[in-house]
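Student: Dumping the structure here so I can ask a few things about it.
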Amino acid sequence: MATDVPLDDPAVTDGTTTVEGDITKISGMVIVYKVTATDERLSGRLVGEISSRQNKDGTGWLVGPAEISNAGGSWKGDSHGLTDGSNFYVRFVLEGTGEYEGLEAHLLSNLAIPTEDPPGVDHVFTGWIQEAE
């Protein structure tokens with residue numbers, strides 16, 4: 001999951017969209033956001049790749065790999081969640097590398113579905129860091 005988007009530039013690439021009946025499938029959508037956390041270990045650049053399935057009314061689910069990186073290392077893992085058509089409700093489980101080796105981050109977020117390009121919204125994450133299981 002590499003992208004050349006600078007840290008301070010949020011971005012969303014559309015990926016591939018196909019429609020089968022009342023279901024819209026999106027694959028390869030990439031999001032890039034700056035994350036500012038109260039625990040500096042989780043501040044940095046978030047890059048996520050999303051695959052989703054959405055019903056005609058906008059409800060659906062999403063999954064994909066995610067990574068938050070900064071000078072101390074990175075947090076890599078998976079995300080999965082649901083959408084109500086206006087927001088993504090996502091859970092991230094990320095394993096630490098570098099200075100964060102042996103730790104695991106659990107994050108919950110409410111990501112507004114971008115309505116502008118580039119998206120100009122802040123996202124709120126809540127969560128915790130624990131010893132990796």
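Every number in this text was worked out from the coordinates using simple rules, so none of it is lab data. Remember, predicted model here, so these are calculated numbers, not experimental data. Because the Cβ atoms are built from the backbone with ideal geometry, glycine has one as well, and the counts that use them run over all protein chains shown.
Student: Give the order of 19, 93, 32 when sorted by the count of other beta carbons within 10 angstrom, beginning with the fewest.
Tutor: The most exposed by this proxy come first: 19, 93, 32.
Student: Taking H placed 1.01 Å from N in the peptide plane, check which residues at least 5 places from residue 43 or on another chain put their amide H under 5 Å from its amide H.
Tutor: Placed amide hydrogens put 37 under 5 Å from residue 43.
Student: Quick one: 56, 34, 76, fewest Cβ neighbours within 10 Å first, how do they rank?
Tutor: Ranking 56, 34, 76 by Cβ neighbours within 10 Å, fewest first, gives 56, 34, 76.
Student: Same structure again: Taking the alpha-carbon distance from residue 76 and a cut-off under 29 Å, which lysines remain once sequence neighbours fewer than 8 residues away in the same chain are dropped?
Tutor: Of all the lysines, those that pass the test against residue 76 - Cα under 29 Å, at least 8 places apart if same chain - are 25, 34.
Student: Determine the dipole magnitude for the stretch 11-131: charges of +1 sit on the beta-carbon of Lys and Arg, -1 on that of Asp and Glu, nothing else is charged, the reference point is the Cα centre, and the result goes in debye to the nearest 20.
Tutor: Charge dipole, the stretch 11-131, about its Cα centre: 160 debye, nearest 20.
Student: Classify the stretch 44-92 from the C-alpha gyration tensor, please: rounded if a/c falls under 1.5, else prolate or oblate depending on whether a/b exceeds b/c.
Tutor: Because a/c hits 1.5 or more and a/b exceeds b/c, the stretch 44-92 counts as prolate.
Student: Choose one of 19, 92, 127: the residue whose Cα lies farthest towards the positive end of the charge dipole of the stretch 11-131 (beta-carbon charges +1 Lys, Arg; -1 Asp, Glu; about the Cα centre).
Tutor: The listed residue farthest towards the positive side: 19.
Student: Hey, another quick one. How big is the stretch 11-131 by the Kirkwood estimate over distinct Cα pairs, in Å?
Tutor: 14.8
Student: As an exercise, use a Förster radius of 35 Å and the Cβ-Cβ distance of residue 25 and residue 99 to find the FRET efficiency, rounded to the nearest 0.05.
Tutor: My answer for the efficiency is 0.40.
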